[in-house]
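Some notes on the structure that comes next.
The values are calculated or read from the model by the stated rules, or taken from the named source; none is laboratory data. Because the structure is predicted, anything quoted here is derived from the model rather than measured. Glycine also receives a Cβ, built like all others from the backbone with ideal geometry; neighbour counts cover every protein chain displayed. Note: accessible area is taken over every heavy atom of the protein model, side chains too, but ligands, DNA and RNA are not part of it. Shrake-Rupley method; radii C 1.70, N 1.55, O 1.52, S 1.80 Å.
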Amino acid sequence: MLTMRQKKAITKELRDRYQRLSKKEKIIMLNEFIRLTGYNRSYAARALRIKRVLGYLNIAGKRIKYVADRKSKREKKRFYDKEVFMVLKKIWIICDYICSKRLAPFLSEVIPVLEKHGEINLTTRIREKLFKISAATIDRMLVETRKRYRIKGRSTTRPGSLLKKSIPIRTFADWDEKVPGFFEVDLVSHDGGAVRGDFLQSLNFTDIATGWVEMIAVKNKAQVWVFGGIKSIKERLPFPILGIDSDNGSEFINAHLLRYCQKEHITFTRSRPYRKNDSCFVEQKNWSVIRRAVGYGRYDTDKELNILNELYSYLRLYVNFFQPVRKLIKKERIGSKITKTYDEAKTPYRRVLASPDIEDEIKVKLKNQYAMLNPAELKRKITKLQNRLLKLNSLKQEVEKGIDKSTKPLSSFEYISG
């Protein structure tokens, strides 16, 4: 039985000879080395592969030669190389920086669309790799390029006590609609942090079953503008409105809207006061769609109103046809931990096509519209309008600075990219 010192001496003696041998000769020597030392085969092969590195040390002005051992690094060729990364990054940007669990199942749909419109040109090898890539791999590849922003706003909802008893309360626990057409509605204020005078509002309609989103900008929270926005959205929707659920703001809780819903046979309900979770679907879209697109700046002019509505005309197509969403299936509490289960990410457009309650004629129209859309072109148009909105709002604030230097204007626009 050899001692450890003897084993090390034999290893050093055989190492140089081993590295000069052919593959067949290495196998023969390795077998003899294992029988002699009793090493594990993997460890024995690694010990013989270690390279000797010569170096020099300066000690007390003298140059002393030394020998050190270093393990050879085994370079593994990356399956998802730089070419795959560059294409993935471009697709991720076109898809508005969505998370990997939404992007991974959507790649098989969006890649043919981008190739059709000439936005990307892929080889067969890269295309097959992108179709196989997992959400975890996407996260690892994009971890250095992903940017996150965190901004906060405030609520400008004012309670409307009129007719509250005539409109039933509906909570988040009651939402189990499987039929498209039941919408949560809300207003997003563009006050820029200073609630003074009139400023623009964005009316947000979110369908519970499919996640279909429609938005329109109105002058202020007056009932006449909000009601006009609701009628415009109704004409634009691909399927009819079956129900509306709003908060307790006076812009929604009024006799005018109640009569309209009764006349059109639309179910009208409201959430509980100060319970945002009752309107969780539309609240989530307030952030992920409207705030990410136009930020928290103050918009209060007719020109800004026109730019916002033009932007929303492209944004609605981009979000509904090319932004996959995941829906919560169930929540399970195990001790103090809550486990959430989601379905596979699909766009609202795909969810509408999969619904048995939507007429075939509507589905055919949506398919024809989808065939004409280019997500990269929509993204460019949205970005161009965002820049126009930024420039216009910045000029407006510079004018306000000159008029009243005692008033410090707030940040006009913050475009979120992740």
Completion exercise
Of all helices (runs of 4 or more DSSP H) fully inside region 290-405, the set with 2 or more residues that are open to solvent by less than 50 Å² (accessible area, probe 1.4 Å), farther than 30 Å from residue 115 by Cβ and out of contact with any Cys (no Cβ under 9 Å at 6 or more places or on another chain) is 302-322, 375-403
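Give the residue that is farthest from residue 49 (Cα to Cα), with candidates limited to residues of region 22-32 that are among the hydrophobic types (A, V, I, L, M, F, W, C) and surrounded by 14 or more Cβ atoms within 10 Å (Cβ to Cβ). Explain how you work it out, then say what you get.
Step one: of region 22-32, the residues among the hydrophobic types (A, V, I, L, M, F, W, C) are 27-30.
So of that shortlist, the ones also surrounded by 14 or more Cβ atoms within 10 Å (Cβ to Cβ) come out as 29-30.
Details: 29: 13, 30: 11 Å.
Taking the candidates together, the pick is 29.
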Fill in the blank from the handout: Per the filter on region 245-263, residues of a type in the set (D, E, K, R) and either in a strand (DSSP E or B) or surrounded by 14 or more Cβ atoms within 10 Å (Cβ to Cβ) (or both) are 245, 247, 251
Problem - Filter result for residue 412 (within 18 Å of the chain's Cα centre (by Cα), within 30 Å of residue 145 (Cα to Cα), modelled with pLDDT under 85 and open to solvent by less than 70 Å² (accessible area, probe 1.4 Å)) - result: no
Exercise for the section: Of all residues in region 184-219, count the ones that are assigned to a loop (DSSP other than H, G, I, E, B), of a type outside the set (S, T, N, Q) and either in contact (Cβ under 8 Å) with a residue 12 or more places away in the chain or touching a Lys or Arg at 6+ places or on another chain (Cβ under 9 Å) (or both). Expected result: 14
Exercise for the section: Please indicate, with yes or no, whether at least one residue in region 119-129 is in a helix (DSSP H, G or I) and of a type in the set (A, V, I, L, M, F, W, C). Expected result: yes
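So how many residues does region 220-244 have that are hydrophobic (A, V, I, L, M, F, W, C), open to solvent by less than 10 Å² (accessible area, probe 1.4 Å) and outside any helix (DSSP H, G or I)?
We begin by selecting, within region 220-244, every residue hydrophobic (A, V, I, L, M, F, W, C); these are 222, 224-227, 230, 233, 237, 239, 241-242, 244.
With the extra rule that they be open to solvent by less than 10 Å² (accessible area, probe 1.4 Å), the set shrinks to 226, 230, 233, 239, 244.
Subsequent filtering for residues that are outside any helix (DSSP H, G or I) retains 239, 244.
Within region 220-244, residues that are hydrophobic (A, V, I, L, M, F, W, C), open to solvent by less than 10 Å² (accessible area, probe 1.4 Å) and outside any helix (DSSP H, G or I) number 2.
Yes or no, residue by residue, for (1) in a helix (DSSP H, G or I); (2) within 30 Å of residue 132 (Cβ to Cβ); (3) touching a Lys or Arg at 6+ places or on another chain (Cβ under 9 Å); (4) modelled with pLDDT of 90 or more:
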| site | (1), (2), (3), (4) |
| --- | --- |
| 28 | yes, no, no, yes |
| 56 | no, no, yes, no |
| 79 | no, yes, yes, no |
| 90 | yes, yes, no, yes |
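Rundown of residues vs (1) within 21 Å of the chain's Cα centre (by Cα); (2) without any contact (Cβ under 8 Å) to a residue 40 or more places away in the chain, yes/no style:
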position: 260; (1), (2): no, yes
position: 268; (1), (2): no, no
position: 285; (1), (2): yes, no
position: 288; (1), (2): yes, yes
position: 297; (1), (2): no, no
position: 304; (1), (2): no, no
